[in-house]
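Single-structure report; data block below.
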Amino acid sequence: MRLILILSCVLLVESTVVFAQTLSTKITGVAEPPELTGEPKKVTQPSEADKEFRNIHISENPDEVKAALPKLDGFIAKYPEYPDTYFLRAIYEACILNSQDFSSIENDVNKAISLPNRIYTNTDYYSLLGKIALQKGELRKAIRDLEKAMSRDFDNADKMFNTEGVEPEKTSKPCTWNLTDLDALIAKFPKDYRPSLFRGLYYLSFTTFSEDYYQKALLDFQRADLLNPTSPLPQYFIGQMYSKKSFLTKKAWASDAGRDEETSNAAQAYTSLDYSRFC
């Protein structure tokens with residue numbers, strides 16, 4: 001699962017120490033990279049909480065998760081201001097054990113959001129909160145939460161669905177968004193442009209694996225634009241889509257003309273934007 005992988009990778013990086021070279025050039029005629037020159041870099045030593053947190057077993061196996069939860073609960077009791085343990089517990093409960101204790105899961109996510117120095121981002125937090133709201137039948141809240149997940153980083157908004165496969169799915173794991181989820185939001189709120197925007201981003205996330213999804217994404221972005229022509233987001237994402245097509249499609253690879261056409265389409269979408277509406 002992507003969320004578990006994020007935490008595992010960050011913990012690995014944090015435990016790796018890199019020292020700078022004391023001389024600017026070690027071999028005559030060969031320059032060192034800037035980050036490896038100058039005085040040795042100061043290393044921030046991990047706190048006792050950091051050390052203990054790294055000893056908590058991170059797993060996607062339900063039996064191992066059940067065994068790890070008491071240790072995680074104990075850590076939270078000892079270090080109540082350590083944010084990532086709250087979200088890890090929420091992931092364990094919601095995504096691995098498929099718990100229906102939504103109130104407890106939401107409390108953990110909101111507690112993590114309230115604390116500083118977090119590994120995870122609002123994209124991760126609100127994507128999970130939106131999925132929980134959807135399971136509870138709170139569809140308006142699901143839209144608001146997914147909008148917050150999207151708004152944290154527009155350039156990577158298609159990554160907010162926690163997908164793992166290479167094609168859109170009708171069903172998925174508890175914390176992964178799927179077509180059925182997004183179709184339900186569109187059906188329930190047909191005049192709201194945001195669900196169409198979300199589904200367009202969902203299709204866009206799979207264009208790396210198949211060019212067939214470009215057209216599906218475009219149709220949803222165009223629908224969102226018709227529903228709310230005052231929002232800059234549909235045209236912005238259309239521009240993103242054409243920018244991606246300009247270097248990741250067979251047409252773009254085949255000729256300069258093919259690449260230039262997609263670049264021109266992207267420029268047309270971007271230049272139609274009222275950027276003041278992003279503020």
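Can you name the residue in the stretch 228-254 that is of a type in the set (S, T, N, Q) and at pLDDT 85 or above and is also farthest from Asp212 (Cα to Cα) among such residues?
Initially, the stretch 228-254 is screened for residues of a type in the set (S, T, N, Q), giving 228, 230-231, 235, 240, 243, 246, 249.
Checking which are at pLDDT 85 or above leaves us with 228, 230-231, 235, 240, 243, 246.
Working: Asn228: 26, Thr230: 29, Ser231: 26, Gln235: 20, Gln240: 16, Ser243: 16, Ser246: 15 Å.
Among those residues, the one meeting the criterion is Thr230.
Please work out which residue is surrounded by the fewest Cβ atoms within 10 Å (Cβ to Cβ), limiting yourself to the stretch 109-142 and to residues that are in a loop (DSSP other than H, G, I, E, B) and of a type in the set (A, V, I, L, M). Break it down stepwise before answering.
If we filter the stretch 109-142 for residues that are in a loop (DSSP other than H, G, I, E, B), which is where we start, we get 115-121, 136-138.
Now narrow it down to the ones that are of a type in the set (A, V, I, L, M): 115, 119.
Numbers: Leu115: 14, Ile119: 16.
The extreme case among them is Leu115.
Which numbered condition trips up Leu273, out of (1) at pLDDT 95 or above; (2) part of a loop (DSSP other than H, G, I, E, B); (3) of a type in the set (A, V, I, L, M)?
(1)
Against the definition (within 27 Å of Gln135 (Cβ to Cβ) and not aromatic (Phe, Trp, Tyr)), how does Glu60 come out, yes or no?
Criteria met by Glu60.
How many residues does the stretch 47-68 contain that are part of a helix (DSSP H, G or I) and open to solvent by less than 20 Å² (accessible area, probe 1.4 Å)?
4
Contact list please: Cβ distance under 7 Å, first residue in the stretch 154-168 and touching a residue at least 60 places away in the same chain (Cβ under 8 Å) and farther than 17 Å from Thr121 by Cα, second residue hydroxyl-bearing (Ser, Thr, Tyr) and open to solvent by less than 30 Å² (accessible area, probe 1.4 Å), pairs at least six apart or on different chains.
Correct list of pairs: Glu164/Thr176.
Tell me, which residue of the stretch 98-108 that is assigned to a helix (DSSP H, G or I) and surrounded by fewer than 18 Cβ atoms within 10 Å (Cβ to Cβ) is nearest to the chain's Cα centre (by Cα)?
My answer is Glu106.
Working carefully through the options Ala68, Ala49, find the one that is at pLDDT 80 or above and either touching a Lys or Arg at 6+ places or on another chain (Cβ under 9 Å) or of a type in the set (Ser, Thr, Tyr) (or both).
Checking each option against the conditions leaves just Ala49.
For the stretch 73-86, check the following and say yes or no: at least one residue is among the aliphatic types (A, V, I, L, M) and closer than 22 Å to Thr176 by Cα. Walk me through it before giving the result.
Just the residues of the stretch 73-86 that are among the aliphatic types (A, V, I, L, M), to begin with: 76-77.
If we keep only those that are closer than 22 Å to Thr176 by Cα as well, we get none.
Taking every residue of the stretch 73-86 in turn, none turns out to be among the aliphatic types (A, V, I, L, M) and closer than 22 Å to Thr176 by Cα.
Being within 27 Å of Asn178 (Cβ to Cβ) and touching an Asp or Glu at 6+ places or on another chain (Cβ under 7 Å) narrows it down to one residue among Ile113, Ile119, Ile91; which is it?
Matching residue, one of Ile113, Ile119, Ile91: Ile119.
Sort out which residues of the stretch 76-97 are over 19 Å from the mean Cα position of the chain (by Cα) and either at pLDDT below 95 or more than 22 Å from Glu60 (Cα to Cα) (or both), and write them in order of number.
Ala77, Lys78, Tyr79, Pro80, Glu81, Tyr82
Restricting the search to the stretch 161-187, which residues are among the basic types (Lys, Arg) and more than 17 Å from Ile132 (Cβ to Cβ)? If you could, list the steps in order and put the result at the bottom.
Here is the first cut: in the stretch 161-187, the residues among the basic types (Lys, Arg) are 170, 173.
Scanning the stretch 161-187 gives a single hit, Lys170.
Looking only at the stretch 143-160, count how many residues are assigned to a helix (DSSP H, G or I), crowded, with 23+ Cβ neighbours inside 10 Å and within 9 Å of the chain's Cα centre (by Cα).
So the count comes out to 4.
The values are calculated or read from the model by the stated rules, or taken from the named source; none is laboratory data. Predicted model, so just to flag it, every value in this text is computed and none were measured. Positions of Cβ are backbone-derived with ideal geometry, glycine not excepted, and every protein chain shown enters the neighbour counts. Heads up: the accessible areas ignore ligands, DNA and RNA and are worked out on the full protein's heavy atoms, side chains in. Shrake-Rupley method; radii C 1.70, N 1.55, O 1.52, S 1.80 Å.
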